[in-house]
Every structure is written in structure tokens, then in C-alpha cells.
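S.K.: Quick one: this structure, given as C-alpha cells, is what I'll be asking you about.
None of the figures in this text is laboratory data; all of them are computed from the coordinates on show. Since the structure is predicted, the reported quantities are computational estimates derived from the model, not experimental observations. Because the Cβ atoms are built from the backbone with ideal geometry, glycine has one as well, and the counts that use them run over all protein chains shown.
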Amino acid sequence: MKKFKVFIIAAFCIINQYSLAQDTAYIHPNVTEKGWNDVFVNGLSNAVFPKGVWSDTGGIITATKDEAIWSKDQYDDFALDLDFKNADGTNSGVIVHASNIVEWIPHSVEIQIADDYSKEWSTAPATWQCGAIFGHQAATNKSLKKFGEWNHYTITCRGRKIWIVLNGIVVNECDMGLFTSAKKNPDGSDVPAWLSNPMATLPLHGQIGFQGKHAGAPIYFRNIKIKKLG
């Protein structure tokens with residue numbers, strides 16, 4: 001009986017450790033390891049976007065208009081790793097769980113990108129600043145570099161949980177299941193009217209996107225890698 005109890009305790013510890021390992025952010029992923037793949041190929045031939053808007057120059061992609069670029073594939077649980085560079089006044093975003101890419105705003109989750117050093121975005125609501133789940137949950141730690149410098153995002157989506165790592169620091173951990181209202185966030189703040197579907201109700205199977213030249217300032221992306229999580 002004693003040996004059996006020891007076995008049960010050991011098995012529980014292993015299962016618990018596995019569960020914890022599956023319920024956490026990717027902080028410094030090695031994207032050269034097996035399982036990591038490019039979201040877009042050179043020339044963007046596997047991307048979905050309006051013709052002539054997005055371009056790939058030496059591995060750096062950018063847009064001339066406020067039109068998103070989308071992955072051809074759809075994903076469930078995944079880790080996404082990328083670099084982005086702001087211009088003066090950039091307002092962009094990484095879009096996940098997009099089940100409708102035509103009317104994507106109420107049918108997805110946007111991880112905000114913004115030039116928080118600019119006059120406009122430094123005074124914007126915290127849920128509109130870089131690292132936020134746009135309109136829902138502000139970043140808890142600021143690690144953004146100034147415009148013209150490359151920043152690094154690692155975004156982990158597993159079930160209804162999202163972790164955002166900016167320049168090696170976890171800046172946001174969000175449980176979509178807590179956001180059951182289209183009017184109020186759990187902290188009592190208002191949800192923007194255009195986010196008409198509560199995050200708790202959003203489908204998790206969807207495309208990944210990147211917002212284009214929004215608010216008049218460009219955005220630049222490179223090294224966009226993804227790993228499907230089992």
C-alpha cells in the first residue's frame with residue numbers, strides 16, 4: 001500500500017508538472033527548433049490581402065493602406081513569434097482567432113501595437129496602448145522600444161488564455177473566458193462599441209492577421225514564425 005501511495009503521488013506530480021508546462025507563455029522560444037514555421041513565404045504568395053497593399057522587401061513586410069494581411073491557414077492553439085518596428089505615431093496590431101476576416105474587428109482578438117511615445121498614443125486609454133488586448137485588458141509592464149527600433153513579440157494562445165511577451169518580458173496574461181459582456185470588462189471599464197462580441201464567446205479556430213497602415217503611420221514586420229501547440 002505504501003508503494004502504491006508513493007506511485008500515486010509521483011504520477012500526480014508528473015501530471016501536474018505537465019499541466020503547468022502547457023499553461024504558460026513562451027518567453028524566449030528557439031524558433032529554429034522543429035515545429036516552428038514561417039507564417040508567410042517570401043513574396044507573400046501564401047498570404048491573403050488586397051492586391052498591391054502589402055509588400056515584402058528583403059524579409060520586411062509593410063503596407064501602404066489600412067488593410068490587414070492574413071494567414072492562409074487557420075489555427076487553434078499556437079505560439080507566434082515576430083519582430084515589429086513602429087514609425088512615429090504607429091497604431092497597428094496582431095490579430096488572432098479571426099473567424100471572419102471581412103468583418104474581423106468584432107470576430108477576433110487584437111493584440112495592440114502602438115507608438116506609446118507619441119503624443120496621441122501616450123495619452124490614449126491603457127487598453128489602446130502597446131501590449132494590450134485591445135479594448136479589454138491593458139499591459140502590466142512597459143518594455144516597448146522607441147519608434148525606429150525593432151521590438152519582439154511572442155504571443156501564446158492556448159484555449160481561451162493568451163500570453164503576450166514584449167522584448168522578453170511578460171506584459172499581459174488574459175483569460176478570454178472572463179470577458180462575458182460586450183459592454184463592460186471584468187474591471188468595470190467600458191468595452192468599445194465596435195467590439196460587439198464578448199471575448200468569452202469568440203471561436204478559437206481562425207486565421208492570424210496583421211493590421212496595416214492605420215492612423216496614417218506605417219508598421220513593419222519581419223521573422224514571423226508560428227508553432228502549433230498540441
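S.K.: Multiplying the sequence separation of ALA200 and ALA126 by 0.36 nm and subtracting their Cα-Cα distance, what value in nm do you get? Don't jump to the answer; show the numbers that get you there.
M.R.: Numbers: separation 74, 0.36 × 74 = 26.64 nm, distance 2.10 nm.
Fully extending the segment from ALA200 to ALA126 adds 24.5 nm.
S.K.: Give me ASP76, ASP115 sorted ascending by neighbouring Cβ count inside 10 Å, so fewest comes first.
M.R.: Lowest to highest Cβ neighbour count: ASP76, ASP115.
S.K.: Give me HIS136, HIS28 ranked fewest to most by other Cβ atoms within 10 Å of their Cβ, as a rough exposure proxy.
M.R.: Listed from fewest to most nearby Cβ atoms, that is HIS28, HIS136.
S.K.: Between GLU173 and SER99, how many nm apart are label points set 7 Å from Cα along the C-beta direction?
M.R.: Once both label points are built, they end up 2.7 nm from each other.
S.K.: Counting other C-beta atoms within 10 Å, which of ASP88, ASP56, ASP187 has the fewest, and how do the rest follow?
M.R.: Working: ASP88 13, ASP56 17, ASP187 10.
By the 10 Å Cβ count, ascending, the order reads ASP187, ASP88, ASP56.
S.K.: Can you tell me which lysines have their Cα less than 18 Å from the Cα of LYS225? Leave out same-chain residues fewer than eight positions away.
M.R.: Leaving aside lysines fewer than 8 places away in the same chain, those within reach of LYS225 are LYS34, LYS72, LYS85.
S.K.: So what is the calculated 222 nm ellipticity per residue for the chain, using -39500 (n - 2.57) for each DSSP H run with n of 4 or more, over all residues, to the nearest 500 deg cm²/dmol?
M.R.: Value at 222 nm, helices only: -3500 deg cm²/dmol.
S.K.: Let me ask something else. Can you work out the base-10 log of I(q)/I(0) for the chain at q = 0.11, 0.12, 0.14 1/Å, using the Debye formula on its C-alpha atoms alone?
M.R.: Result of the Debye calculation: -0.55, -0.64, -0.86.
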